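What follows is one structure encoded as structure tokens, with my remarks underneath.
The values are calculated or read from the model by the stated rules, or taken from the named source; none is laboratory data. It should be emphasised that the depicted structure is a prediction, and the values quoted were computed from it without experimental measurement. Cβ: placed from backbone, ideal geometry, glycine included. Neighbour counts: every protein chain shown.
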Amino acid sequence: MGATVPVPLNGPRFQAEPAELYRELRREYGPVVPVLLDGGVPAWLVIGYRELHQVTGDPVLFSRDSELWNQWDRVPDDWPLLPVIGRGRSSVLHTVGERHHERAALISDALEAVDPFELRALAERSADELIDAVCAKGAADLVADYAALLPVRVLATLFGLADSQGPGLVGALNDMLDGRQNAIAGQLHVAAAMARLVADRAARPADDVVGRMLATAARSGHLHGGPGGFTNEEITQDLIVMMAAGHQPTADWIGNSLRLMLTDDRFAASLFGGRHSVPEAMNEVLWEDTPAQNAAGRWASRDTRLGGRPVRAGDLLLLGLQGANHDPQVRTHGSALTGGNSAHFSFGHGEHRCPFPAQEIAEVIARTAIEVVLDRLPDIDLAVPAGSLTRRPSPWLRGLTELPVRFTPTPALGGGPG
């Protein structure tokens, strides 16, 4: 069965050397690892590919209903992981059965109506504006100046938010997902912004993502909570999920892909005009350096066994997405499953996986962001040793704290600050 002493789900190795760490955990513990969350709260981390497939593919045995958790009496109201773990059935993440399918369809339909050509143009325009602000300087931090700002700027337009709200949302989303002392405050900031947006769109309808969600709810004839309807509070909670899942993982996808292309000789041609390897680099990141390192969670609805471990009713199982991507059952050490192979867990699996329209939007934003950097910043190069780059401390997401680069100064396209 492997070792039984729980592993704290934090520390520098989760950020600095996760591949080696997951190999050690798999060797010592097997595919299901006992872990301790902040405050000594126990859980299981599922890092086996087959076991994770089983957990995400059986929503009855491994439920998304967090009310099943047998540790709630140990969790304080200000627990910093609460915004991600969640409680109750307020959002689409924690609903189950038919209600989940209804809410997921509401989200997917609203996102699917986004015109892909308009999305690409919006992402390119937003990326150019951000590059304009730094291109004449000859140096930039592609995280703080670019990747951390671009997705939320695009999503704000798609959702109907004012551009001015973007920077505040970035900080709040980071706090919420980093799982530290400001996590609850970050969640409250995002929730307030989404509630104001829903109220404003209810008063002034528009053809954007939020407007379409409200229109669908209104057409159901039960806007205020009747059978089959959707309340404004439900839509607000789902928008929090959509913004959190849409911005920071996409920002980290951009940053991690640019880091790979700037530090790996296989992608050198792309830095000087080539483009064929941009999607290859992005897909390799989803296998090797995925933004969504771990995800919460599933709760066992009854006693069972998983990967040789005795899982009790109400136990929390965390989805070790990065660990499962490295499982030797699906790959050998050192091999890169790139190209067209997308059998990774980076978007999840099963009925609670990231909706396909959301995946497509994230991919358009990320690919456009990378291509604009390569188009606009000639002879771009990393400005610090690759080994000095550091990662944010989040137990959930894997992203860079900064990505300093240098390049030949160029004029701005739009006559802006650059």
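Could you list all residues from the stretch 26-48 that are part of a helix (DSSP H, G or I) and either out of contact with any helix residue (DSSP H, G or I) (no Cβ under 8 Å at 6 or more places or on another chain) or crowded, with 23+ Cβ neighbours inside 10 Å (or both)?
If the condition is that a residue be part of a helix (DSSP H, G or I) and either out of contact with any helix residue (DSSP H, G or I) (no Cβ under 8 Å at 6 or more places or on another chain) or crowded, with 23+ Cβ neighbours inside 10 Å (or both), then R27, E28, Y29 are the ones that fit.
Only one residue in A244, A185 is part of a helix (DSSP H, G or I), under 24 Å from A295 (Cα atoms), at pLDDT below 95 and in contact with an Asp or Glu (Cβ under 8 Å, 6 or more places away or on another chain). Which one?
Details: A244 fails: in contact with an Asp or Glu (Cβ under 8 Å, 6 or more places away or on another chain).
None of the other options fit; the residue is A185.
In the stretch 50-73, how many residues are touching a Phe, Trp or Tyr at 6+ places or on another chain (Cβ under 8 Å), over 29 Å from V330 (Cα atoms) and not in a helix (DSSP H, G or I)?
2
Quick check on this structure: which one of P80, P76 is assigned to a loop (DSSP other than H, G, I, E, B), within 22 Å of P291 (Cβ to Cβ) and not aliphatic (A, V, I, L, M)?
Answer to the selection: P80.
Only one of V84, V143 is of a type in the set (A, V, I, L, M, F, W, C), touching an Asp or Glu at 6+ places or on another chain (Cβ under 8 Å), buried (at least 21 other Cβ atoms within 10 Å of the Cβ) and in contact (Cβ under 8 Å) with a residue 12 or more places away in the chain. Can you tell me which?
Values: V84 fails: touching an Asp or Glu at 6+ places or on another chain (Cβ under 8 Å).
It is V143.
Looking only at the stretch 383-399, which residues are closer than 15 Å to L9 by Cα and of a type in the set (S, T, Y)?
S394
What pairs can you find where one residue is in the stretch 162-178 and surrounded by fewer than 20 Cβ atoms within 10 Å (Cβ to Cβ), the other is among the basic types (K, R), and their Cβ atoms are less than 7 Å apart, with a gap of 6+ or different chains?
Partner pairs satisfying both residue conditions: D163/R153.
Quick check on the stretch 373-390. Is at least one of its residues surrounded by 14 or more Cβ atoms within 10 Å (Cβ to Cβ) and assigned to a strand (DSSP E or B)?
yes
Can you find a residue that is over 22 Å from R398 (Cα atoms), over 22 Å from the mean Cα position of the chain (by Cα) and in a strand (DSSP E or B) anywhere in the stretch 155-173?
No - not one qualifying residue is present in the stretch 155-173.
Answer yes if at least one residue in the stretch 102-115 is modelled with pLDDT of 90 or more and of a type in the set (K, R), and no otherwise.
No: zero hits.
Hey, A217 hits all of (1) at pLDDT 90 or above; (2) surrounded by 13 or more Cβ atoms within 10 Å (Cβ to Cβ); (3) not basic (K, R) but one; which does it fall short on?
(1)
Please give the number of the condition G40 fails out of (1) of a type in the set (G, A, S); (2) in contact (Cβ under 8 Å) with a residue 40 or more places away in the chain; (3) under 19 Å from S394 (Cα atoms).
(2)
What do you reckon, is P310 without any contact (Cβ under 8 Å) to a residue 12 or more places away in the chain and either surrounded by fewer than 21 Cβ atoms within 10 Å (Cβ to Cβ) or under 13 Å from the mean Cα position of the chain (by Cα) (or both)?
Taking the combined requirement at face value, the residue satisfies it.
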